[in-house]
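What follows is a set of notes on a single structure, which appears directly below.
The values are calculated or read from the model by the stated rules, or taken from the named source; none is laboratory data. Values in this document were obtained by computation on a predicted structure and should not be read as measured data. Cβ placement follows ideal geometry from the backbone for every residue including glycine, while neighbour counts extend to all protein chains displayed. With ligands, DNA and RNA removed, areas are computed over all heavy atoms of the protein, side chains included. Shrake-Rupley method; radii C 1.70, N 1.55, O 1.52, S 1.80 Å.
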Amino acid sequence: GQGRGKALWVETTNEKVLPVFQAWFEDPRARKVWHNFGFDRHAIENHGVACRGFAGDVMHMARLLDSSRGKAVGGDGYSLEMLTADYVAGGKKVTMKELFADFFSRE
């Protein structure tokens, strides 16, 4: 997506997806917000795709917002699924397949 309030979710576990989005991942002008950027960057760069245009990391922002979410201290953790439940879906745990049902129905 482009512009304020637009989002693009890229399913990177499908080996056919990375080549299609390689130019976008490598474009520093396309600002990207990740979830666990360190892991994602490592995994994607192992496939020869450079990650540029870092704008933020949701998991790290969530830790700054509420450090008591950690599972080690009895919290719900920082998974994208749990953060979506708390901040997007009004407390309902929503899987990524539910959230992006249109995409997964095309498989």
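In the stretch 20-31, the residues that are closer than 16 Å to N46 by Cα reach residues that are open to solvent by 60 Å² or more (accessible area, probe 1.4 Å) and modelled with pLDDT of 90 or more with C-beta atoms within less than 6 angstrom, at least six apart or across chains, in these pairs: E26/R52. Among the residues of the stretch 9-18, those that are polar (S, T, N, Q) and either open to solvent by 80 Å² or more (accessible area, probe 1.4 Å) or touching a residue at least 12 places away in the same chain (Cβ under 8 Å) (or both) comprise T12, T13.
Being at pLDDT below 90, under 15 Å from L83 (Cβ atoms), open to solvent by less than 60 Å² (accessible area, probe 1.4 Å) and over 13 Å from the mean Cα position of the chain (by Cα) is the requirement here; does G1 meet it?
No; evaluated as a whole, the condition is false for this residue.
The lone criterion from (1) exposed (fewer than 13 other Cβ atoms within 10 Å of the Cβ); (2) at pLDDT 90 or above left unmet by A62 is number (1). Among the residues making up the stretch 19-55, those that are open to solvent by less than 70 Å² (accessible area, probe 1.4 Å) and of a type in the set (S, T, N, Q) are Q22, N36.
Restricting attention to the stretch 32-74, the residues being more than 12 Å from the chain's Cα centre (by Cα), in a helix (DSSP H, G or I) and of a type in the set (D, E, K, R) number 4. Among the residues of the stretch 75-107, those that are in a loop (DSSP other than H, G, I, E, B) and either farther than 21 Å from M61 by Cβ or modelled with pLDDT under 70 (or both) comprise A89, G91, K92, K93, V94, T95, F100, S105, R106, E107.
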